[in-house]
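Trainee: Mind having a look at this structure? Questions to follow.
The values are calculated or read from the model by the stated rules, or taken from the named source; none is laboratory data. If you're wondering where the values come from, they're calculated on a predicted model, not measured in any experiment. When we count neighbours, we look across all protein chains shown, and the Cβ atoms used for this are built from the backbone with ideal geometry, even at glycine. SASA here: full protein model, heavy atoms, side chains in, ligands and nucleic acids out. Shrake-Rupley method; radii C 1.70, N 1.55, O 1.52, S 1.80 Å.
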Amino acid sequence: MNMATDKSNKFAKLSTFERIAYGSGDLAQNLVFGTVGGFLLTYLTTVNGISAAAGATIFLIVKWSNVFWDPWVGAFIDKSKPTKQGKYRPYLLKFGIPLVILASLLFLPLESVRGSVIYAFLSYFATAMIYSFVNIPYGSLSASLTRDTEEIAKLTTTRMTMANIANLLVYTLFPLFVQLLAPHAELKNTGFFGIELQLGDYMSAAAGPA
């Protein structure tokens with residue numbers, strides 16, 4: 001029986017659409033936080049102009065804050081009363097858009113905040129705190145979809161596949177895209193997947209044999 005027709009069925013069989021819809025959440029989250037985790041420190045030190053030590057300290061403080069913040073958020077959500085929209089969905093709706101906005105502000109290209117360690121810290125700290133209110137209920141949502149072990153395995157496979165697609169887009173294709181758009185790019189490493197490519201070589205290959 002499909003979950004959509006019987007929400008009280010704890011061993012519901014999920015459709016392909018439902019698995020992909022759930023997995024899309026991981027894809028979206030990895031697009032956002034993969035970009036932040038993979039490129040923010042480089043942006044802060046090369047574009048924003050703060051020192052590497054200051055950038056590393058910001059990351060250290062925020063990560064340690066998450067050690068205490070995430071369990072509190074998990075306990076808070078677990079104790080909250082379900083609404084008409086469910087127990088976890090309201091958090092995704094309320095904090096999803098603010099998360100994207102805050103993540104975008106991390107790369108804000110304004111002279112007024114360039115080189116500001118305080119702005120870099122507060123913007124990243126706020127993004128990480130809001131992210132917990134999205135990531136934790138999203139991860140807990142899978143247990144509410146079905147208790148069927150076979151369906152859980154399929155759901156996990158779909159979720160991880162879409163997460164890896166997002167990682168591919170962020171860590172390989174995005175640097176390549178930036179490299180191709182840069183007018184005088186000299187960057188050879190296009191990501192964390194070990195792909196080495198010079199702009200001139202790529203353009204020559206794309207043009208084909210003379």
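Trainee: Roughly how big is segment 16-183's charge dipole about its Cα centre, with Cβ charges of +1 (Lys, Arg) and -1 (Asp, Glu), in debye to the nearest 20?
Mentor: 400 debye
Trainee: How much length, in nm to one decimal, is gained on full extension between Thr57 and Val117, taken as 0.36 nm per residue of separation minus their Cα-Cα distance?
Mentor: 20.6 nm
Trainee: A follow-up question, please. Residue farthest toward the positive end of the dipole of segment 1-117, with Cβ of Lys/Arg at +1 and Asp/Glu at -1: which of Phe17, Leu27, Val62?
Mentor: Checking the options against the dipole of segment 1-117, the answer is Phe17.
Trainee: Which whole-angstrom value gives the distance between the alpha carbon centres of segment 25-80 and segment 104-126?
Mentor: When both Cα centres are located, 13 Å separates them.
Trainee: Using a 1.4 Å probe on the protein heavy atoms, what percent of the accessible area of segment 12-142 belongs to carbon and sulfur?
Mentor: Carbon plus sulfur share of accessible area: 71 percent.
Trainee: A further question follows. Could you sort the peptides 96-109, 163-176, 74-87 by per-residue average Cβ neighbour count (10 Å cutoff), highest mean leading?
Mentor: For the peptides 96-109, 163-176, 74-87, the packing ranking is 163-176, 96-109, 74-87.
Trainee: Hey, another quick one. Roughly what would the spin-label model give for Ser140 and Ser15, points 7 Å off Cα along C-beta, in nm?
Mentor: Placing both labels 7 Å along Cα→Cβ, they lie 2.8 nm apart.
Trainee: Let me ask something else about it. For segment 16-183, compute Rg over Rh where Rg is the Cα radius of gyration and Rh is the Kirkwood radius from the inverse mean 1/r over Cα pairs.
Mentor: 1.01
Trainee: If you don't mind, another one. When Lys and Arg each count +1 and Asp and Glu each count -1, what net charge do the other residues less than 12 Å away from Gly23, Cβ to Cβ, add up to?
Mentor: My count for the surroundings of Gly23 gives +1.
Trainee: If you don't mind, another one. If you take the beta carbon distance between Asp70 and Asn164 as r and set R0 to 22 Å, what does 1/(1 + (r/R0)^6) give as a FRET efficiency, to the nearest 0.05?
Mentor: 0.45
Trainee: Which one, Pro109, Gln85, Phe95, projects farthest toward the positive side of the charge dipole computed for segment 76-127 from Cβ point charges (K/R +1, D/E -1)?
Mentor: Sorting the options by dipole projection puts first Gln85.
Trainee: Separate question: What relative contact order, as a whole-number percentage, does segment 16-183 give when Cα pairs under 8 Å and 6 or more residues apart are counted?
Mentor: Relative contact order of segment 16-183: 44 percent.
Trainee: Classify segment 69-166 as rounded, prolate or oblate, taking a ≥ b ≥ c as the square roots of the eigenvalues of its Cα gyration tensor: rounded when a/c is under 1.5, otherwise prolate if a/b is larger than b/c and oblate if not.
Mentor: prolate
Trainee: Using the Karplus curve 6.51 cos²θ - 1.76 cosθ + 1.60 with θ = phi - 60°, work out ³J(HN,Hα) for each residue of segment 157-166 in order, rounded to whole Hz, and write x for Gly and Pro.
Mentor: 4, 5, 4, 5, 4, 6, 5, 5, 4, 5
Trainee: With θ taken as phi - 60° and the coefficients 6.51, -1.76 and 1.60, list the Karplus ³J(HN,Hα) couplings across segment 94-111 in order, rounded to whole Hz; mark glycine and proline as x.
Mentor: Working through the residues one at a time gives 6, 10, x, 5, x, 5, 5, 5, 5, 5, 5, 5, 4, 10, 5, x, 10, 5 Hz.
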